[in-house]
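*Asks:* Quick one: the structure is below, questions incoming.
The values are calculated or read from the model by the stated rules, or taken from the named source; none is laboratory data. Keep in mind that this is a model prediction, so the values were computed, not measured. Positions of Cβ are generated from backbone atoms using ideal geometry, with glycine treated the same way; all protein chains shown enter the neighbour counts.
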Amino acid sequence: MMQRKSIHSFALENITFAYPDSPALFENITIEIPKSKAVWVRSPGGRGKSTLLRLLFGLIAPQQGKLLINGENVTDLSFEEFLAYRLSMGFGFDMGGLLNNKSLYENLILPLQYHKVCSDEEAADRITQAIDMFGMTLSKDQRPFAVPGSLRKLTCIVRAFQHWPQIVFLDEPLTGLKEDNINDLMYYMEESFATRGLRQVFFTSESAVLANRFKAEELLISTDWFTTRAVA
């Protein structure tokens with residue numbers, strides 16, 4: 001089992017990023033990412049929020065500049081070299097992210113088994129507890145294409161927490177969720193902060209529910225500037 005690297009800070013240095021055949025979304029941006037317990041990532045024009053999360057998580061690489069974790073430039077690390085950091089992070093996708101040839105249960109437990117995060121017995125126990133808490137028991141053996149979109153979304157979010165990461169990135173986690181699941185998620189996040197080693201959550205959302213519950217610091221982004229402020 002690979003040893004995780006503890007994460008204490010993120011920074012972007014002179015970052016330029018553009019999707020193929022599109023203008024630069026970020027151009028020569030430098031920012032020290034807030035170290036607050038919860039960070040609400042927002043954008044006045046609705047552009048760049050998901051991209052910022054993906055840059056920080058290492059899902060995409062900038063055309064120019066550096067992603068610094070603990071002051072180390074990780075931009076040019078190989079997949080294997082970056083994995084020690086990746087194992088300390090979780091990512092809840094807005095859409096997609098599940099394997100359609102596996103059940104919801106299998107999708108949830110797969111990262112734990114693949115990376116040998118814990119024993120098979122503990123992995124099964126973690127997933128069973130999460131399934132029970134989020135009311136997914138009756139659907140756990142179904143495949144993603146056979147369940148409603150809200151349940152697929154919930155599975156993506158729940159999976160991000162199962163290897164007990166220090167940092168979690170959640171892209172529009174409340175969109176499409178039922179009210180009961182939103183309440184369950186907030187309670188589960190509180191438990192993760194208290195007992196599972198979670199230190200920080202970054203999230204995008206059109207709703208202030210999570211921001212208010214966790215007293216988040218707001219990270220407001222544009223294509224050429226960033227500002228941070230506490231959420232009232």
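*Asks:* Hey, among the residues in region 1-14 that are touching a helix residue (DSSP H, G or I) at 6+ places or on another chain (Cβ under 9 Å) and more than 19 Å from LYS35 (Cβ to Cβ), which one's modelled with the highest pLDDT?
*Replies:* If we take residues in region 1-14 being touching a helix residue (DSSP H, G or I) at 6+ places or on another chain (Cβ under 9 Å) and more than 19 Å from LYS35 (Cβ to Cβ), then GLN3 is modelled with the highest pLDDT.
*Asks:* Hey, among the residues in region 87-97 that are of a type outside the set (Gly, Ala, Ser) and buried (at least 21 other Cβ atoms within 10 Å of the Cβ), which one's farthest from VAL117 (Cα to Cα)? Talk me through it step by step, then tell me what you get.
*Replies:* Our first condition is that a residue be of a type outside the set (Gly, Ala, Ser); within region 87-97, this holds for 87, 89, 91, 93-95.
Restricting the remaining residues to those that are buried (at least 21 other Cβ atoms within 10 Å of the Cβ) gives 89, 91, 93.
On the way: MET89: 13, PHE91: 16, PHE93: 21 Å.
Residue satisfying both the conditions and the ranking: PHE93.
*Asks:* Inside region 169-213, can you point out the residues that are closer than 21 Å to GLY135 by Cα and aromatic (Phe, Trp, Tyr)?
*Replies:* TYR187, TYR188
*Asks:* Could you list, in sequence order, all residues of region 205-226 that are polar (S, T, N, Q) and modelled with pLDDT under 95?
*Replies:* Hits for region 205-226 are SER205, SER207, SER222, THR223.
*Asks:* Search region 173-187 for residues that are part of a helix (DSSP H, G or I) and at pLDDT 95 or above and pair each with any residue that is surrounded by fewer than 18 Cβ atoms within 10 Å (Cβ to Cβ) and of a type in the set (A, V, I, L, M) when their beta-carbon atoms are under 7 Å apart and the residues are at least 6 apart or on different chains.
*Replies:* Correct list of pairs: ILE182/VAL209; ASP184/MET133.
*Asks:* Could you check, for region 12-24, whether at least one of its residues is under 21 Å from ALA160 (Cβ atoms), in contact with a Phe, Trp or Tyr (Cβ under 9 Å, 6 or more places away or on another chain) and touching a residue at least 60 places away in the same chain (Cβ under 8 Å)? Please lay out each step first, then the result.
*Replies:* The initial filter retains those residues of region 12-24 that are under 21 Å from ALA160 (Cβ atoms), namely none.
No, because not a single residue in region 12-24 is under 21 Å from ALA160 (Cβ atoms), in contact with a Phe, Trp or Tyr (Cβ under 9 Å, 6 or more places away or on another chain) and touching a residue at least 60 places away in the same chain (Cβ under 8 Å).
*Asks:* Follow-up question, since we're still on this one. Filter region 150-172 down to the residues that are under 24 Å from SER43 (Cβ atoms), part of a helix (DSSP H, G or I) and either among the polar types (S, T, N, Q) or in contact with a helix residue (DSSP H, G or I) (Cβ under 8 Å, 6 or more places away or on another chain) (or both) and list them by number.
*Replies:* The answer is ILE157, and nothing else.
*Asks:* Additional query: If THR16 satisfies all but one of (1) closer than 23 Å to CYS156 by Cβ; (2) surrounded by fewer than 16 Cβ atoms within 10 Å (Cβ to Cβ), what's the number of the condition it fails?
*Replies:* So the condition that THR16 fails would be (1).
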